[in-house]
Amino acid sequence: MIGIVANEAEHSTVVEFFELFKTPWEFWCPGTRYDVLLCSSSTIPKNDARLLLLYGSQQQAFERGRGIKTQSVRGLDFVSFRGERMPIYGNCLLFDDHGNKVLLHNGTNSTAAISTASGAQVVVRVGFDLFEEVLHLLTKEQPAELAGIPTLDLHISLLRELIVSHGLTLVVIPPVPADQRFIVCLTHDVDHPRVRYHMCDHTMFGFLYRALIGSVIDFCRGRRSLRQVVTNWKAAFSLPLVFAGLAKDFWNQLDRYLALENGLASTFFVIPTKGDAGVDSEGRRKRRRASRYALTDIPDDLKKLLSANREIAVHGIDAWRDSAKGRDECQDVQKITGTAETGVRMHWLYFDSQAPATLEKAGYSYDSTIGYNETIGYRAGTTQVFKHAEVDHLLELPLHIMDTALFYPSYMNLSDDEARAAMLPLIENVTRFGGVLTINWHDRSLGPERLWADVYVTLLRDLRARAPWFATASQTVSWFRRRRTASFVRIAHDGNSVRVRTATDPAAADLPALTLRVYNSASSSHKLGSKENALFEDFTIDGSDEVLVAA
Ligand SMILES: [Zn+2]
């Protein structure tokens with residue numbers, strides 16, 4: 001059991017951090033014995049914890065009492081743990097050489113965390129504010145140049161390693177469905193279901209330019225094959241026939257998606273309102289943002305999706321800033337799906353700090369907007385579904401990879417091979433940390449002039465090879481919700497046994513079970529700083545039975 005000493009203002013962040021870590025913990029209670037005591041304020045109660053973790057960027061009695069010299073560094077900086085670079089967004093306190101170096105500060109190569117033994121107790125002094133870092137990640141986005149670092153997941157793994165490497169048994173429910181290593185959430189924003197809805201608008205002229213001229217330029221630069229240029233030219237010249245209804249609409253790629261994703265699950269975000277551009281955070285209306293289709297224009301698509309067991313969710317226009325409009329958007333889609341739990345992703349990823357509360361008020365059960373337009377990676381620093389502080393029910397499914405970020409000239413501007421290479425570290429991270437990899441490949445991206453199908457096909461192949469759980473956005477969120485409701489009951493049995501109870505939700509019976517992971521010091525000769533991961537044993541938690549683990 002971990003005891004936490006934190007300032008009142010940090011309590012909600014502490015609670016969310018431990019929903020993501022998911023290990024037995026409580027706020028410090030006088031008289032209770034803890035294996036690990038984590039203090040994020042300078043108040044350190046009298047204790048006999050085997051491991052005392054002191055986080056904080058302000059000077060504390062620990063270093064003053066030991067005569068350890070410190071130096072304070074301000075603003076964004078990096079520490080490295082086991083050779084891995086981790087950004088620290090707040091201040092950092094560095095220690096002169098004293099005791100064991102746990103974390104190195106990249107800029108100065110001095111020590112950002114040290115450990116010393118004091119009788120039977122090991123004290124680790126970490127020179128940054130853990131919960132301020134977590135709050136920063138969950139409320140402010142990581143800058144695009146650091147998007148590739150799953151910083152929040154690194155904080156969790158650092159804390160876990162600190163505990164396990166000091167010979168303590170640790171029990172967690174990892175973000176890993178039983179018998180799988182991670183979750184893949186395939187999603188598609190439906191922005192342009194037909195090219196014929198765009199007769200003589202800016203989208204059509206943009207298409208013609210990119211198909212006829214852009215393709216040739218890309219061919220000359222070695223970024224397109226001749227076959228692709230021919231496909232795009234043919235599509236451009238077939239446009240009058242498409243408008244006349246005499247040729248296939250090459251932006252209608254639904255059947256192809258269903259074929260490529262045969263046997264998998266996916267979620268389609270559809271725009272409920274036609275011709276409404278909505279309002280951005282500065283109160284401006286950008287006409288180009290308005291959808292050229294309404295749900296009544298694509299009844300066959302919607303039927304096809306439902307009969308293929310696909311999830312239909314809302315691609316919102318104003319839901320993020322206006323809960324009444326958000327409710328209308330939600331209800332329009334619920335009329336089609338008939339489901340009570342509906343998710344949303346905002347068109348153009350419009351969002352602000354009020355949006356979670358507004359979306360919850362509008363009746364949504366999850367949002368999947370927290371991602372980048374311009375790059376791929378971890379805007380909130382995590383592969384996990386999390387909860388914003390201002391809401392009770394709404395969960396956030398972070399968005400990690402968007403096709404337009406990879407290929408748009410004004411964003412990453414990658415070739416097919418470069419895009420494949422850019423996505424690999426994200427696949428490796430989710431394999432390592434668990435959690436979910438959320439991908440958004442737009443509705444028309446398989447067709448001309450984008451022709452981003454080859455990359456999608458290899459992405460699916462790479463993912464299938466790792467046998468994750470392919471889930472809809474709503475299934476993913478439900479699984480995380482189930483994990484959040486799981487509770488630990490510690491029992492006094494040699495002080496070393498742990499009993500785990502999970503709340504049972506009959507409606508969620510089709511979801512994979514949770515896993516109980518026990519890091520056991522007895523079976524581990526693990527040393528902090530070694531490249532090996534700590535040894536652990538997994539148990540599947542099934543039904544309402546309690547699982548007893550002798551640790
Ligand atoms: Zn969109």
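Some observations on this one:
- All told, V242 falls short of being open to solvent by 50 Å² or more (accessible area, probe 1.4 Å) and away from the ligand (no atom under 16 Å from the Cβ).
Quick grid of which residues meet (1) surrounded by fewer than 22 Cβ atoms within 10 Å (Cβ to Cβ); (2) over 18 Å from the mean Cα position of the chain (by Cα):
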residue	(1), (2)
G127	no, yes
S157	yes, no
F182	no, no
Y197	yes, yes
F207	no, yes
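- You will find that of G343, G381, the residue that is buried (at least 23 other Cβ atoms within 10 Å of the Cβ), touching a Pro at 6+ places or on another chain (Cβ under 8 Å) and not hydrophobic (A, V, I, L, M, F, W, C) is G381 and no other.
- Near pairs, Cβ below 7 angstrom, 6+ apart or cross-chain, from the range 345-361 (within 12 Å of E396 (Cα to Cα) and part of a loop (DSSP other than H, G, I, E, B)) to any residue that is at pLDDT 95 or above and more than 16 Å from the ligand (Cβ to nearest atom): none
- Selected residue (criterion: farthest from I370 (Cα to Cα)) from residues of the range 119-142 that are free of Cβ contacts under 8 Å to residues at least 60 places away in the same chain and not in a helix (DSSP H, G or I): G119
- When residues of the range 209-239 are limited to those that are among the hydroxyl-bearing types (S, T, Y) and open to solvent by less than 40 Å² (accessible area, probe 1.4 Å), the one farthest from the chain's Cα centre (by Cα): S238
- Residue match in the range 95-105 (condition: open to solvent by less than 10 Å² (accessible area, probe 1.4 Å) and of a type in the set (G, A, S)): no
- The residues of the range 256-287 that are at pLDDT 95 or above and in a helix (DSSP H, G or I), listed by number, are R256, Y257, L258, A259, L260.
- Here D318 clears all of (1) more than 22 Å from C185 (Cβ to Cβ); (2) within 16 Å of the ligand (Cβ to nearest atom); (3) surrounded by fewer than 22 Cβ atoms within 10 Å (Cβ to Cβ) except the condition numbered (3).
- Checking A357 against (1) open to solvent by less than 10 Å² (accessible area, probe 1.4 Å); (2) more than 15 Å from the ligand (Cβ to nearest atom), the condition it does not meet: (1)
- Among the residues making up the range 57-102, those that are basic (K, R), under 30 Å from A144 (Cβ atoms) and touching a residue at least 24 places away in the same chain (Cβ under 8 Å) are R82, R85.
- Check on L208, in contact with a helix residue (DSSP H, G or I) (Cβ under 8 Å, 6 or more places away or on another chain), part of a helix (DSSP H, G or I), closer than 30 Å to I336 by Cα and of a type outside the set (S, T, N, Q): no
- Selection count, the range 1-51, where residues are outside any strand (DSSP E or B) and either free of Cβ contacts under 8 Å to residues at least 60 places away in the same chain or open to solvent by 60 Å² or more (accessible area, probe 1.4 Å) (or both): 23
- In the range 168-194, the qualifying residues are those that are more than 30 Å from R50 (Cα to Cα) and not in a loop (DSSP other than H, G, I, E, B), and the one that is farthest from the ligand (Cβ to nearest atom) is I183.
- Applying the criterion of being open to solvent by 80 Å² or more (accessible area, probe 1.4 Å), in contact (Cβ under 8 Å) with a residue 12 or more places away in the chain and out of contact with any Asp or Glu (no Cβ under 7 Å at 6 or more places or on another chain) to the residues of the range 256-289, the residue that is farthest from the ligand (Cβ to nearest atom) is R256.
The values are calculated or read from the model by the stated rules, or taken from the named source; none is laboratory data. These numbers were taken from a predicted model, which means no experiment stands behind them. Every residue, glycine as well, gets a Cβ built from its backbone with ideal geometry; the counts of neighbours run over all protein chains shown. Protein only, heavy atoms only, side chains kept; ligands, DNA and RNA dropped before computing areas. Shrake-Rupley method; radii C 1.70, N 1.55, O 1.52, S 1.80 Å.
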